[in-house]
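The values are calculated or read from the model by the stated rules, or taken from the named source; none is laboratory data. What you are looking at is a predicted structure, and each value in this text was computed from that prediction instead of being measured. Cβ sites come from the backbone with ideal geometry, for glycine too, and all protein chains shown count toward neighbours.
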Amino acid sequence: MNSRQKGARGERELANLLKEHGYNTRRGQQYCGANGDADVVGIPGLHIEAKRVEHLNLEAAMKQSVHDARKDEIPVVMHRKNRSEWLVTLRLDDFMHLMGKKE
């Protein structure tokens, strides 16, 4: 499977998992990576980059999410390796905001 197919499959997998938790999510319209759309859309206030790779450059993935996020969105990277669970990475200040703590 090439990386593009694996990425698309990961985006669909993540969107479906988020649906199971009650969110109306779907794969974004990002096919070439040039338009800045989130990989998974449907959770207001979050810009979700989905990464389904064995060796993730987390700093680069977060940089991409920060760069592509709109002003009112929190950049998030959701990622997993084969045979592993999904993980969520976000900046500490954004986490504190989500938790209702002052920045």
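Quick notes on this one:
- Index of the failed condition, Asn35 passing every other in (1) over 15 Å from Arg91 (Cβ atoms); (2) surrounded by fewer than 12 Cβ atoms within 10 Å (Cβ to Cβ); (3) at pLDDT 95 or above: (3)
- Of the residues making up segment 38-60, just one is over 20 Å from Arg83 (Cα atoms), surrounded by fewer than 18 Cβ atoms within 10 Å (Cβ to Cβ) and of a type in the set (Asp, Glu), namely Glu59.
- Residue count for segment 13-25, restricted to those that are under 16 Å from His47 (Cα atoms) and either assigned to a loop (DSSP other than H, G, I, E, B) or modelled with pLDDT under 95 (or both): 3
- Verdict on Val88 being out of contact with any helix residue (DSSP H, G or I) (no Cβ under 7 Å at 6 or more places or on another chain) and either basic (Lys, Arg) or assigned to a helix (DSSP H, G or I) (or both): no
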